[in-house]
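Take a look at the structure set out below.
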Amino acid sequence: MRKGEISKAVIRRLPRYYRYLGELLQNGVVRISSKELSERMKVTASQIRQDLNNFGGFGQQGYGYNVEYLHEEIGKILGLDVTHNMIIIGAGNLGQALANYNFEKVGFHLIGIFDINPRFEGVSVRGIAIQMLDTLEDFLSEHKVDVVTLTVPKRPAVDLAHHLVDLGIKAIWNFAPTDLNLSEDVCVKNVHLNESLMTLSYEYRAKHSGEARDE
Ligand code: NAI
């Protein structure tokens, strides 16, 4: 890690701080101490102080944190103070489920949905028409697209990802069941919901393996 760089572990925790602070803000809470925040978030107060010290602290000894300010600053660190234009490629079950979710709340503006299956021609999701993939290049030349969400099967995902990089895409939110390894300047988040279920399974077994189950 380079000097001044923030560890990935801290970055991974920031969205959770952002979410809790957003809830506090909605509930009209103006200030919160690291102790109170730690009780709500079930992490230690010293972890919170350490994490936030990476960004200059934000807190005032004895006064706690200003919730609105901290929420806004963490939002800025996460890059949520600007809107990102996003498209989805793969308009099947998962693609449409994601398209139906309002990611605008965290600054991701869905501007296009693409697929190769002609049965989607004329179909819209949340008012956005599903377009055929062969129109993608024209679309990208006419619109600024910051993030591509990939919800296609594994086989097309890899070629598609390389093609997107050739077309200048710099961020991919990948749900295809494969880890995409692209050039270093391309940001990729591989999301595998199964992995979360597997760790749930592990914890469930570790805690309850001895218990009898009613059939
Ligand atoms: P689906 O079969 O309903 O949708 C896939 C869509 O991709 C279809 O509409 C198909 O026409 C389209 N497609 C195929 N090749 C394409 C290409 N080259 N360009 C554009 N569109 C193309 O499948 P579903 O359920 O939506 O899942 C999509 C993928 O996501 C699957 O690979 C599945 O395994 C994966 N998945 C991943 C999860 C995760 O947590 N990462 C969770 C659920 C599914």
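Residue pairs whose Cβ atoms lie under 8 Å apart, sitting 6 or more positions apart in sequence or on different chains, and linking a residue in segment 29-54 that is closer than 13 Å to Tyr17 by Cα to a partner that is of a type in the set (D, E, K, R) and open to solvent by 10 Å² or more (accessible area, probe 1.4 Å), are Ser34/Arg49; Met41/Arg16; Val43/Arg13; Ala45/Lys35; Asp51/Arg13. In segment 83-122, the qualifying residues are those that are part of a loop (DSSP other than H, G, I, E, B) and modelled with pLDDT of 95 or more, and the one that is most open to solvent (accessible area, probe 1.4 Å) is Ile116. Taking into account only those residues within segment 158-183 that are assigned to a helix (DSSP H, G or I) and either in contact (Cβ under 8 Å) with a residue 40 or more places away in the chain or closer than 15 Å to Met86 by Cβ (or both), which is farthest from the ligand (Cβ to nearest atom)? Looking at residues that are assigned to a helix (DSSP H, G or I) and either in contact (Cβ under 8 Å) with a residue 40 or more places away in the chain or closer than 15 Å to Met86 by Cβ (or both), I get Leu164. Based on what the data block shows, is Ser201 hydroxyl-bearing (Ser, Thr, Tyr), over 16 Å from the mean Cα position of the chain (by Cα), over 22 Å from Lys154 (Cβ atoms) and open to solvent by less than 100 Å² (accessible area, probe 1.4 Å)? So Ser201 passes the test.
When every residue of segment 141-157 is checked against the conditions, none turns out to be over 24 Å from Asn102 (Cβ atoms), acidic (Asp, Glu) and within 12 Å of the ligand (Cβ to nearest atom). Does Phe139 satisfy the criteria of being at pLDDT 95 or above and surrounded by fewer than 17 Cβ atoms within 10 Å (Cβ to Cβ)? When the stated conditions are applied, Phe139 passes them.
The values are calculated or read from the model by the stated rules, or taken from the named source; none is laboratory data. Just so we're clear, the structure is a prediction, and the values are computed from it rather than from any experiment. Because the Cβ atoms are built from the backbone with ideal geometry, glycine has one as well, and the counts that use them run over all protein chains shown. The accessibility values were calculated without ligands, DNA or RNA, using every heavy atom of the protein model including side chains. Shrake-Rupley method; radii C 1.70, N 1.55, O 1.52, S 1.80 Å.
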